[in-house]
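Trainee: One structure is given below, represented as structure tokens, and several questions about it will come after.
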Amino acid sequence: MRAPPPSPAVARTGFSDLQPDLMGEIHGRLSFLDRLAFVAVSSAASRDALKPEPPWLVLPGETPETATVFSLADRRSATVRASDPAMRGHVIIGSSGGWIVTADERGRMRLANPVTGEQGNLPAITTIPFVNATSPGGHHFIMDMEPFVHIRYRGEHESWPHPHGTFTHTAGDVRLWFYRKVVLSASPHPGDYAAMLLLDSYFGAPAFATAGDGRWRVAPSRDGVEDAIHHKGKFLSVTYTGIVEAWERDGVSGEYTSEAVTTPISCPPQRRKYLAAAPDGRLMIVLKNTNGGGVRKGYFEVQVFDEMTQRWEAAEDMGELAILVGVNSSLCVSTAKHPEINAGCLYYTDDEIGKAWLRREYGYSNSKPNVGVYSLKDGKVMSIPGLGEHLSWPPPAWFTPSFP
């Protein structure tokens, strides 16, 4: 998926010569795909006058060669060409700074900018110290648990609640049950990035990679990492025990270590946590009730960290904010800047890749609703306006279009 090429007439117009307010007026009157074409032929300096694009949903296409994109602002969808190889038959496991991270049936992860078409590879899974392929083709991966536990718990093996030994995944299972999410640094591209890979809850630890290093480094994390974002130049994560930590890379060894930046959040068991940051920098955690029963009143809760009191406070109303959550990203959006998005609401997508695959494999409807809107104030559950039925495998993902 990339921005449509401009016509020769448009290319000769010389947008950089137009007044910024006129450019903004033209841009605001275009459909969402045409807005991308407009930005593509605008100079980097003149893009500052244009309204940033609100998030889109990337949905499965009717064929492997296509994808469906849905604009929250326009409340319309369009069929686009899926970039090869990064988006064909791949699952989106991360979305940051206008880029997505995908995983294929052999566990390979790729970076892709769906707007520009630029792509690149992330380091191989076998660069993780405890992961080994059974053959050059990599049809199975064996996880050696003893060195993993040694890294995660800094040698305190008695802290690991599961048996030691080995753990085997098929290559196709890796993206379903081993990867959880990938978070990218700000303004990434294939030659210059930092990435944080969150492993599934059974493993619980994070791994980090940089373009210059070319390998994944597992980091110690006694309490495990449930979700993460990149904020103000740092990777931030929330542990399964509800503590937000900031990660720093040692300039000599290249290893990452964490430091707590909040007190623990108090929440009942069986609550999944998503970490987000408000436009003003406040840290927010969305709690999702995973105790069965589907989306209903009380399903989501939002807590905000108060820097003055060093306490988490429940938010009954988010004001002019909305939060988008899902397995691939969690972000907070200003509804004052994007009035098309409902204030005080949580937009959610299916966040269990493995379970989504099982539903498909065992004959559940592939058009089962797996996205929606939840009003924090009254607990009302709504469909996303303009979004009709759609395929549910691979699971839908949030994506915010941007140009470098």
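Residue by residue, here is whether (1) closer than 26 Å to T335 by Cβ; (2) surrounded by 19 or more Cβ atoms within 10 Å (Cβ to Cβ); (3) not basic (K, R) holds:
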{"residue": "A207", "(1), (2), (3)": "no, yes, yes"}
{"residue": "R215", "(1), (2), (3)": "no, no, no"}
{"residue": "P220", "(1), (2), (3)": "no, no, yes"}
{"residue": "H231", "(1), (2), (3)": "yes, no, yes"}
{"residue": "G242", "(1), (2), (3)": "no, yes, yes"}
{"residue": "G251", "(1), (2), (3)": "no, no, yes"}
{"residue": "T257", "(1), (2), (3)": "no, no, yes"}
{"residue": "P264", "(1), (2), (3)": "no, no, yes"}
{"residue": "P268", "(1), (2), (3)": "no, no, yes"}
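Trainee: Give me the pairs, please: first residue somewhere in region 263-280 and under 13 Å from N291 (Cα atoms), second residue anywhere and open to solvent by less than 60 Å² (accessible area, probe 1.4 Å) and of a type in the set (K, R), beta-carbon distance under 8 Å, and either six or more positions apart or on two chains.
Mentor: Final answer for the pair search is R271/K288; R272/K288.
Trainee: Within the bounds of region 74-88, is there any residue that is open to solvent by 50 Å² or more (accessible area, probe 1.4 Å) and under 19 Å from the mean Cα position of the chain (by Cα)?
Mentor: The answer is yes, given that some residue of region 74-88 is open to solvent by 50 Å² or more (accessible area, probe 1.4 Å) and under 19 Å from the mean Cα position of the chain (by Cα).
Trainee: What's the number of the only condition in (1) surrounded by fewer than 18 Cβ atoms within 10 Å (Cβ to Cβ); (2) in contact with a strand residue (DSSP E or B) (Cβ under 6 Å, 6 or more places away or on another chain); (3) under 14 Å from D280 (Cβ atoms); (4) aliphatic (A, V, I, L, M) that A314 fails to meet?
Mentor: Checking A314 against (1) surrounded by fewer than 18 Cβ atoms within 10 Å (Cβ to Cβ); (2) in contact with a strand residue (DSSP E or B) (Cβ under 6 Å, 6 or more places away or on another chain); (3) under 14 Å from D280 (Cβ atoms); (4) aliphatic (A, V, I, L, M), the one that fails is (3).
Trainee: Taking region 211-227 only, how many residues are under 18 Å from M109 (Cα atoms) and either at pLDDT 95 or above or touching a helix residue (DSSP H, G or I) at 6+ places or on another chain (Cβ under 8 Å) (or both)?
Mentor: Going through region 211-227 one residue at a time, the tally reaches 5.
Trainee: Oh, and also: Do the conditions hold for R175, that is, is it assigned to a helix (DSSP H, G or I) and either under 20 Å from S187 (Cβ atoms) or touching a residue at least 12 places away in the same chain (Cβ under 8 Å) (or both)?
Mentor: In short, yes.
Trainee: Is it true that P123 is within 14 Å of Y179 (Cβ to Cβ), touching a residue at least 60 places away in the same chain (Cβ under 8 Å) and not aromatic (F, W, Y)?
Mentor: Yes.
Trainee: Counting only residues that are on the phi > 0 side of the Ramachandran plot and either touching a Lys or Arg at 6+ places or on another chain (Cβ under 8 Å) or polar (S, T, N, Q) (or both), which one in region 228-263 is modelled with the highest pLDDT? Reasoning before the result, please.
Mentor: Of all residues in region 228-263, those on the phi > 0 side of the Ramachandran plot come to 232-233, 242, 254.
Then keep just the ones that are either touching a Lys or Arg at 6+ places or on another chain (Cβ under 8 Å) or polar (S, T, N, Q) (or both); that gives 242, 254.
Values: G242: 95, G254: 91.
Across region 228-263, the extreme among qualifying residues is G242.
Trainee: In addition: Are there any pairs with C-beta distances below 6 angstrom linking a residue in region 234-258 that is within 18 Å of D213 (Cβ to Cβ) and without any contact (Cβ under 8 Å) to a residue 12 or more places away in the chain to a residue that is of a type in the set (D, E) and not in a loop (DSSP other than H, G, I, E, B), with the two at least 6 apart or on different chains, and if so which?
Mentor: none
Trainee: Could you go through region 297-308 and let me know if any residue there is at pLDDT below 90 and not charged (D, E, K, R).
Mentor: Among the residues of region 297-308, at least one is at pLDDT below 90 and not charged (D, E, K, R), which makes the answer yes.
Trainee: Moving on. When you look at R282, is it of a type outside the set (V, I, T) and at pLDDT 95 or above, yes or no?
Mentor: yes
Trainee: Here is a follow-up. Looking only at region 182-194, count every residue that is farther than 18 Å from V131 by Cα and open to solvent by less than 10 Å² (accessible area, probe 1.4 Å) and tell me the total.
Mentor: Looking only at that region, the number is 3.
Trainee: Let me ask something additional. Taking the condition assigned to a loop (DSSP other than H, G, I, E, B) and within 29 Å of W398 (Cβ to Cβ), does P163 pass?
Mentor: No: the conditions fail for P163.
Trainee: Filter region 120-159 down to residues that are within 22 Å of G94 (Cβ to Cβ), modelled with pLDDT of 90 or more, open to solvent by less than 50 Å² (accessible area, probe 1.4 Å) and not in a helix (DSSP H, G or I), then give me how many there are.
Mentor: Of the residues in region 120-159, 8 are within 22 Å of G94 (Cβ to Cβ), modelled with pLDDT of 90 or more, open to solvent by less than 50 Å² (accessible area, probe 1.4 Å) and not in a helix (DSSP H, G or I).
The values are calculated or read from the model by the stated rules, or taken from the named source; none is laboratory data. Because the structure is a prediction, the values reported are computed rather than measured. Here the Cβ is made from the backbone with ideal geometry for all residues, glycine too, and neighbour counts use every protein chain on show. For the accessible areas, the whole protein counts, side chains as well, though only heavy atoms, and no ligand, DNA or RNA atoms are used. Shrake-Rupley method; radii C 1.70, N 1.55, O 1.52, S 1.80 Å.
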